[in-house]
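Down below is the structure, laid out as structure tokens.
Read the figures in this text as sums done on the coordinates, not as results from a lab. Fair warning: this is a prediction, and the values are worked out from it, not measured in the lab. Cβ coordinates were reconstructed from backbone atoms using ideal geometry, including for glycine residues, and neighbour counts include every protein chain displayed.
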């Protein structure tokens, strides 16, 4: 999903910076509040950030002969919402842009939007909807994380198609980019969803009180999940 | 089943790896080059339309070795933090 340095012409790279900026500002504000009011959630925040570090560094081969990487931001999205996930994504994307020439500083706004905001927002909404509907918690996390990963790549395809509609027009360009990104991503999204689901299970086993404190799970649901695992 | 989810995830990853091996064998047989990055493919598609990137990364890893070092470092930093915190939680549960 990284749009490489210099591959977004003006005005698109400025536009995506402007779109991402408010999320980052709200995310920093929410982080500040989290640090002051819910200090016990900080280790979980570190896990969510570390998860993005690990997963986004793994370039996996997909079934159509190219490689891509999971994003790992679905976990942060489920746990803390898209604004804080945007800050986590920003840190990783700066690391990769500066040290790895992966993505770029001018395309940072667009990349933060796809990986840090759009994907986690999907994860967050699916998780909220799933818990409200009383769906199985782990299944919900799986779907949320997998679709967050996939949606990130759909958004990248939209961003590139908007900037490079070419002669085929937006839809033609979108299907060309989506063929490269989104199709490669389907199997990776499934694996990412499964891994995040597993991590979520360990959080429920080890530190369920943080999840109830963040209003992610009710105590009765925690009780039920823990009994099922015992 | 206590480890049901672990087994299911492990099975999924094994299937994923197996599909890769089968696919790779098929591609190797045709002699084509494959398994490049999707990011680069998109960049090639854009460049094919005649677009020139208007700026370049100010620094790029000088070789594939240095690049893999930095990627491994990135994963290691994350893995250390995850391991530390889960270990801390586990430990504080056992002694509580």
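Structure values in brief
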quantity	calculated
Cβ-based exposure ranking for A:37, B:6, in which fewest neighbours within 10 Å come first	A:37, B:6
Cα→Cβ-extended label distance, 7 Å offset, between residue A:186 and residue B:51, nm	2.5
Relative contact order for chain A, counting Cα pairs under 8 Å that sit 6 or more residues apart, in percent	23
A:16, B:54 arranged by Cβ crowding within 10 Å, fewest neighbours leading	B:54, A:16
Inter-chain shielding of A:182-191 (mean C-beta neighbours from other protein chains, 10 Å cut-off)	2
Acute angle (nearest 10 degrees) that the helix A:219-229 long axis makes with the longest principal axis of chain A, alpha-carbon atoms	90
Between helix A:82-99 and chain A: long-axis angle, C-alpha atoms, 0 to 90°, nearest 10	50
Value of relative contact order over region A:48-93, rounded to a whole percent, pairs C-alpha under 8 Å and six or more apart	38
Peptide-level mean, for A:9-21, of C-beta atoms on other protein chains within 10 Å	1
Degrees between helix A:119-132 axis and first principal axis of chain A (Cα, 0 to 90, nearest 10)	30
MRE, 222 nm, helices only [DSSP H, n ≥ 4, -39500 (n - 2.57), over chain B, to nearest 500]	-25500 deg cm²/dmol
Listed residues A:196, A:94, A:24, most fluctuating in chain A (Gaussian network, C-alpha, under 10 Å)	A:94
Residues B:51, B:3, sorted so that the one with the fewest Cβ neighbours within 10 Å comes first	B:3, B:51
CD proxy at 222 nm, helix term only [per DSSP H run n ≥ 4: -39500 (n - 2.57); per residue of chain A; nearest 500]	-24500 deg cm²/dmol
